[in-house]
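The values are calculated or read from the model by the stated rules, or taken from the named source; none is laboratory data. Please read all numbers here as calculations on a predicted model, not as lab measurements. A quick note on method: Cβ atoms are made from the backbone with ideal geometry, for glycine too, and the neighbour counts reach across all protein chains shown.
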Amino acid sequence: MTVANIYFAHTLLDSIADEFLISKATIGIVITISQVFYALGLLLLVPLGDILNIRSVILYQILLLVIALTVVSFATNSIVFFIGIGAVGLLATVTQTLVAYAALLTRPSERGRIIGLVTSGIVIGILLARTFAGIMNDLAGWRSVYLSSAAILLLLISLLLKKLPTKLYEKSTLSYPQLVFSVVLLLVREKILIIRGLLAFLIFISFSTFWTAFVYPLVSPPHSFSHMIVGLFGLIGVFGALGANWSGNLADKGFGQLTTFIALLLLLSSWFFISFIDSSIFLLVIGIILFDFAIQAIHVTNQSLTLKINTAARSRLTAAYMIFYSVGSATGSIISTNIYTYYGWKGICIFGFTISFLAIIFWLTTYKATKKLLLKVDLSKIS
């Protein structure tokens, strides 16, 4: 539920644009702001899990997120709205702290499977965010989406107080400034992180390009769907995301590279089906399932392979990897609305296909280097 808050706007962009008189070409800035601040949160907040009580970090961050959502829901002008959305993006990074916490609580041999389960929950939350936002927008307006989310998170806090396990674990001895700087060092020094991060950057440009522009052709002729119907397409993506849950297991067994390649091919092919958005809802549905399946499989595999590097730096590695994700999402969202405004859905599909093709080329050119690096990590754990 926490991560869903930065994806509600995908379904609400046209309503928010009408409310605050923002043009269609620039409304993608809403997604960009949330993703940029999400990246800042990854750098500044997620590493706190390595030096503070991670359970307390999670609970307090969710409480602050509730306050930020309330600000968004009562915003009277675009400035207040943008400030609130930025705060939501910053604090929604609690999701990645939960990923690091899940990795902490599991054995190394099961880490990929557990990360797969947690990441599936995150991706499902992202996809259902569109469904939830579409329904609430039609029933009570876009503000009700953020206000009801704040109420749900308050209930979540009470549940986590009872259910979130308390576990003693080794904390980093670094100071907070050293901790933040160490994230930057990871981004420079860890080659597996860099390779997998750049791959994430490309696939999430593709992901954000599709979902940011998705609402416009569906609310326009020939379909003229309501926001509620548009939101229901998020349910379709859930099937694809659930289907990719096995990718964590395959990464644990040494098939991470093969899984990535197959998923990249599926991602590339999905754009063919997605291009029929105006003429065939059936083909669009197939495309969405393939698209979300591929994104989820690559994302889970990336995280599983990245967290192998150093378990003591779990929060920082998660933060460093997800910075690529956020920058990719922010890039895709701001480009997407501009492409759609000037070149329509055909332009979106050509751009998405091109980025997906570049991701395959990147995977092929880094295949041997990644294989050697992963072998080196595995051998170091044995010794």
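Structure notes:
- Residue that is at pLDDT below 95, surrounded by fewer than 20 Cβ atoms within 10 Å (Cβ to Cβ), touching a helix residue (DSSP H, G or I) at 6+ places or on another chain (Cβ under 7 Å) and not hydrophobic (A, V, I, L, M, F, W, C), where the choices are TYR325, TYR367: TYR367
- Here the range 246-271 is the region considered, the condition is being over 15 Å from PHE207 (Cα atoms) and aromatic (Phe, Trp, Tyr), and the residue that is modelled with the lowest pLDDT is TRP246.
- Residues of the range 341-369 satisfying the condition of being of a type in the set (Ser, Thr, Tyr) and more than 22 Å from PHE261 (Cβ to Cβ): THR341, TYR342, TYR343
- Residues that are of a type in the set (S, T, N, Q) and out of contact with any Ser or Thr (no Cβ under 7 Å at 6 or more places or on another chain) were ranked within the range 1-22; the one that is surrounded by the fewest Cβ atoms within 10 Å (Cβ to Cβ) is SER15.
- Of all residues in the range 79-97, those that are in contact (Cβ under 8 Å) with a residue 12 or more places away in the chain and within 13 Å of TYR146 (Cβ to Cβ) have Cβ atoms under 7 Å from Cβ atoms of residues that are assigned to a loop (DSSP other than H, G, I, E, B) and not hydrophobic (A, V, I, L, M, F, W, C), 6 or more apart or on another chain, in ALA92/THR2.
- Every residue from the range 123-146 that is closer than 20 Å to GLY86 by Cα and either without any contact (Cβ under 8 Å) to a residue 40 or more places away in the chain or buried (at least 18 other Cβ atoms within 10 Å of the Cβ) (or both): GLY125, ILE126, ALA129, ARG130, ALA133, TRP142, ARG143, VAL145, TYR146
- Hey, SER356 of a type in the set (S, T, N, Q) and within 23 Å of PHE225 (Cβ to Cβ) or not: no
- Qualifying residue in the range 344-354 (condition: under 24 Å from the mean Cα position of the chain (by Cα), crowded, with 24+ Cβ neighbours inside 10 Å, β-branched (Val, Ile, Thr) and modelled with pLDDT of 90 or more): yes
- Residue within the range 308-328 that is under 26 Å from LEU98 (Cβ atoms), among the hydrophobic types (A, V, I, L, M, F, W, C) and not in a helix (DSSP H, G or I) present: yes
- Scanning the range 20-49 for residues that are outside any loop (DSSP other than H, G, I, E, B), under 24 Å from TYR342 (Cβ atoms) and either basic (Lys, Arg) or over 16 Å from the mean Cα position of the chain (by Cα) (or both) gives PHE20, ILE29.
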